[in-house]
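Data block below; observations after.
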Amino acid sequence: MAKILVIDDDPMMLELYREVLTREGHEVVIAENGTQGLARSEAKPDLVVVDLMMPNLNGYEFIKQLRAKEDHLRTPVIAASSLSTGEWARRAGADRFLAKPFQSHDLVALVRELLEPKPT
């Protein structure tokens with residue numbers, strides 16, 4: 001279906017994302033921090049899920065740097081966090097916010113919503 005880049009510094013969360021999204025038929029590309037995520041964004045994912053609180057390059061800075069790239073101005077981004085609200089994530093350029101912990105169906109619903117073709 002879609003290529004989804006997931007960026008999180010928690011290995012258990014990465015496995016959860018991989019399990020849920022591959023079960024939905026998506027190809028999942030994993031990155032363990034924002035810097036690795038920026039490098040893997042060159043593979044042109046259809047959607048990005050990024051944790052906001054990470055060492056190295058946090059999710060807010062990742063989103064800002066991703067949005068600075070011409071070919072990612074419209075790439076849908078879901079920001080996830082257990083320590084933040086979605087307000088700052090949206091200001092940084094995220095399309096949606098997912099509060100952790102989350103139910104699998106909430107993640108799937110957001111992904112479907114953002115990947116749904118937009119009427120022209």
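The values are calculated or read from the model by the stated rules, or taken from the named source; none is laboratory data. All values derive from a computational prediction rather than experimental measurement. Neighbour counts run over all protein chains shown; Cβ positions are idealised from the backbone, glycine included.
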### Considering residues of the range 103-120 that are of a type outside the set (Val, Ile, Thr) and in contact with a helix residue (DSSP H, G or I) (Cβ under 7 Å, 6 or more places away or on another chain) only, the residue farthest from MET1 (Cα to Cα)
SER104
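I need the full set of residues from the range 99-120 which are assigned to a loop (DSSP other than H, G, I, E, B) and of a type outside the set (Val, Ile, Thr), in order please.
Passing the criteria: LYS100, PRO101, PHE102, GLN103, GLU116, PRO117, LYS118, PRO119.
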## Note on the structure
Within the range 74-102, of all residues that are over 14 Å from the mean Cα position of the chain (by Cα) and over 17 Å from VAL6 (Cβ atoms), the one surrounded by the most Cβ atoms within 10 Å (Cβ to Cβ) is SER84
### Query
For the range 1-31, how many residues are farther than 22 Å from GLU113 by Cβ and over 12 Å from the mean Cα position of the chain (by Cα)?
5
### Hits in the range 42-65 - residues which are crowded, with 24+ Cβ neighbours inside 10 Å and part of a helix (DSSP H, G or I)
GLY59, PHE62, ILE63
### Query
Which members of the range 27-72 meet the condition of being farther than 16 Å from ASP9 by Cα and among the hydrophobic types (A, V, I, L, M, F, W, C)?
ALA43, LEU47, LEU66, ALA68
### Message
Taking the condition of being in a loop (DSSP other than H, G, I, E, B) and at pLDDT 95 or above, how many residues in the range 70-85 meet it?
### Response
2
### Query
Any idea how many residues of the range 1-37 are under 18 Å from GLY59 (Cβ atoms) and not in a helix (DSSP H, G or I)?
13
### Query
Within the range 1-41, restricting attention to residues that are within 16 Å of ALA79 (Cβ to Cβ) and acidic (Asp, Glu), which residue is surrounded by the most Cβ atoms within 10 Å (Cβ to Cβ)?
ASP8
